[in-house]
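A quick write-up on the structure given underneath.
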Amino acid sequence: MGPEQVGDWVLDELPRLNQAILHDHAPPDLLVTELSEQVLDDLPDITRLTPEQAQQLVVHLGFVGASVARHYQEHTPGGVTHPERAFDPLVVGGDRLPFRGYFAALAEHTGTGHYERDSYSSLVRWNVGTIRVLLRGEPVAELPGIFDDGRIRSYTGTGGEERFFLLVKQGEAIELAVNCLLLPLTFADADLIGENARLAALRRLFIDFAAQPAEKTMAAEVFMDVFRQFAAHWTPGDIPPSGALDPEALKRDFLLGIDLPGYDQQARRLFPALLASERAEIAELMSGPTLPRRLLAEIGAGDSALSDLDDGDLRRLVAQHPALVDWYRLLAMHARVSGAHLMLSKKFLFKPQRQRDAAGIGDRLLVSNRAGTTGMTETYLDRLTRARQDHTLAPLRPVLIAGKPGSAPDPAIHSDQGTAVPVVAELTG
Ligand code: HEM
């Protein structure tokens, strides 16, 4: 089977098999048998693939691996403690290469430093088509995918999963548009004036997703019981895909600063599941001063200077350096975006799980719904949002009551999926 046929199989057959197994209409072994007979036997020699073909195959086999891992662990007593055994019967080609070995070599062949299992990059960025962010009709950022078929691959072929992958990629595209503005400000001669209408568009995207009826987004039960359960381990201790691996969000935190003990180490723990370029860019941002710190240094206000000043001094400082208002608004919107995301996590995960706990239903066996897939708890996400609210310029809050509303442009997101999503930017403050 050539790479194209594998693509068709993953789009059509895999969701059918997953649905049948999840509804107990087929035994879990059927997936392994069908895979062996129809897909794995004829997979290409990796060295014959272009890096782009390797990326496409990483996406496809990522969905395959996640499905195999999930069904094995759900149907094998004790399977959760030795997830890697799910792959024992899976061998590739005439040379009978073990599946995970083939996958790791394929990931290597992409030249991107991709992780040895499915990842945020493969599921979201590579899987979903190109997303463009438009501001006043002008493209300001573009996040390409690696397929041009306008399709979104998913575990069960349902609209909810496709909409979720699309949401996350749209979110990342807006974050990229924001970072495209912020990154040049780290250059030595930069003029540190901010702009945050783009970030407001991200908050709007989150809030709109939560406000729509389940049939237009994804039902919480589907998120918890179907979608998330495919983020099971492939090997003990590996890093399953997660929104926490969104590199543009990590970059924004290091650009804008986040005062949370251990945040750097937490980010570094996720490094193996990022791409090589993402690791390098994030490490570079981690090592430099944040933009608000640079700004304060530039205007001669030292580290703790703001909290030492009284209201009169703060007002004078703002009058002298009006850019502080823009920066304050940017950081405030960053915190509000975090708050909107926190709301999503509570609505789709933490609250319904609390209700299940109260009703004695308990948790899922494979991927716990009491925490995120990389282990972030509700309390930790609360703390992240509070840390973002407690930003470097927060001491200015009493003297900047809501700021002056100006005229905000209307960014829009455009995607090649034919699902153009207009996003109305909000005023900040
Ligand atoms: C219904 C939608 C969403 C839900 C229910 C949700 C839920 C979660 C959960 C449970 C975590 C903890 C993850 C872990 O432990 O690994 C998390 C983290 C995260 N998610 Fe989401 N998420 C949603 C949408 C998004 C979108 C669209 C993005 C990107 C634009 C995103 C970006 C992040 C980031 C960056 C983190 C790390 C925590 C932080 O920086 O605040 N999420 N999310």
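The values are calculated or read from the model by the stated rules, or taken from the named source; none is laboratory data. Since the model is a prediction, treat every value here as computed from it, not as a measurement. Cβ sites come from the backbone with ideal geometry, for glycine too, and all protein chains shown count toward neighbours.
Quick look at the numbers
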read-out	value
Inter-residue pairs, beta-carbon under 8 Å, first of a type in the set (S, T, Y) and in the range 248-267, second near the ligand (Cβ under 9 Å from one of its atoms), 6+ apart	Y263/D253
Tally of residues being of a type in the set (K, R) and within 12 Å of the ligand (Cβ to nearest atom) across the range 205-242	1
Enumeration of residues in the range 285-308 that are of a type outside the set (G, A, S) and modelled with pLDDT of 90 or more	L285, M286, P289, T290, L291, P292, R293, R294, L295, L296
Filtered residues of the range 94-112 (kept if of a type in the set (G, A, S) and surrounded by 17 or more Cβ atoms within 10 Å (Cβ to Cβ))	A107
E116 vs. criteria of a type in the set (D, E) and away from the ligand (no atom under 16 Å from the Cβ)	yes
Subset of the range 306-322 (residues that are assigned to a helix (DSSP H, G or I) and surrounded by fewer than 16 Cβ atoms within 10 Å (Cβ to Cβ))	S307, D308, D311, G312, D313, R315, R316, A319, Q320
Answer residue from the range 268-298, given it is touching a residue at least 12 places away in the same chain (Cβ under 8 Å), assigned to a loop (DSSP other than H, G, I, E, B) and touching a Gly at 6+ places or on another chain (Cβ under 9 Å) and is nearest to G372 (Cα to Cα) among those	L274
First in the range 79-90 and of a type in the set (K, R), second anywhere and at pLDDT 95 or above, Cβ under 9 Å, 6 or more apart	R85/Y72; R85/T76; R85/G79
Flag for D363 being more than 10 Å from the ligand (Cβ to nearest atom), without any contact (Cβ under 8 Å) to a residue 40 or more places away in the chain and touching a Lys or Arg at 6+ places or on another chain (Cβ under 7 Å)	yes
Subset tally (residues that are of a type outside the set (K, R) and part of a loop (DSSP other than H, G, I, E, B)) for the range 370-390	8
Boolean, A232 is surrounded by 17 or more Cβ atoms within 10 Å (Cβ to Cβ), at pLDDT 95 or above and not hydroxyl-bearing (S, T, Y)	yes
Cβ pairs under 8 Å, 6+ apart, first in the range 168-187 and part of a helix (DSSP H, G or I), second within 15 Å of the ligand (Cβ to nearest atom) and of a type in the set (S, T, N, Q)	K169/S415; Q170/S415
Answer from E74, E116 - the residue that is farther than 25 Å from R279 by Cβ and not assigned by TED's automatic domain parsing to the domain that holds P241	E74
